[in-house]
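Inspection log for the structure reproduced underneath, given as structure tokens.
What follows is calculated from the coordinates using simple rules that are stated; it is not laboratory data. A quick note: this is a predicted structure, and the numbers were derived from the prediction, not measured. Here the Cβ is made from the backbone with ideal geometry for all residues, glycine too, and neighbour counts use every protein chain on show.
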Amino acid sequence: MAIALVGIGTTIHATTTATAQCAAFTPKTRYLRLTATGTDINVAIGTNPQVGASDLIIPEGTSETLSISNASGRVTGITTGNPTLIDFAQGTQSPFGVGDYVTLTEGNSYWTTNLDDVRVSQVYTGSGSGGYFSSRIALEFNSGASGAPVNFEPNGGLLRASLKVGAKAHRTGIGTMHIQQVQVSGDA
């Protein structure tokens, strides 16, 4: 198996007392390489992962390559207000569901600053005249009271999934979880 690094890696320190989480990141690949040092570490991946003893264990001194979602969608419109509404291209559906967290990674700096690890509160699924056919979502962000720009550049943004890795020492000790997005070729 060959791997290529994608982006900048990070580390989190794991203890037995509570789940430690890395900062939210936007996956740019489908694979995440996790390496445990110092002790065996339980891990979970999600929007707010809480790690338990039954979650995946990565033994001290070993690595695992896990598959993750790298969902993304091109934004064609934003409607300001509370909530903030995001439109995807006609004929496409939102790759995100209620409860997912998202980050706008391209576009106007106001939006890329404020739409950072924001929860999806609704997917508009109506059909027929005036329906959105799952091409519109609502985000838990009040852009109506925050000085949002009046105009949005069509096709001017890319909305990506936001994920976090949670880690907790399996039995005893303190460990470090090294986290790196990778591209994989060959058997993983």
Computed FRET value (nearest 0.05) for ALA89 with THR112, which takes r as the C-beta separation and R₀ as 22 Å: 0.70
Length gained when the stretch GLN183-GLN122 is fully extended (0.36 nm per residue, less Cα-Cα span): 18.8 nm
Exposure proxy ranking, count of Cβ atoms within 10 Å, fewest first, for VAL118, VAL6, VAL150: VAL150, VAL6, VAL118
Burial ordering of HIS13, HIS170, fewest other beta-carbon atoms within 10 Å first: HIS13, HIS170
Order of LYS164, LYS28 under a 10 Å beta carbon neighbour criterion, fewest first: LYS28, LYS164
The chain - charge dipole about Cα centre, Lys and Arg +1 at Cβ, Asp and Glu -1, debye rounded to 20: 40 debye
Distant alpha-carbon pairs in the stretch 13-55 (separation over 16 angstrom), percent: 41 percent
Extreme residue, positive dipole direction of the stretch 72-161, given options VAL102, GLY126, THR112 (C-beta unit charges): GLY126
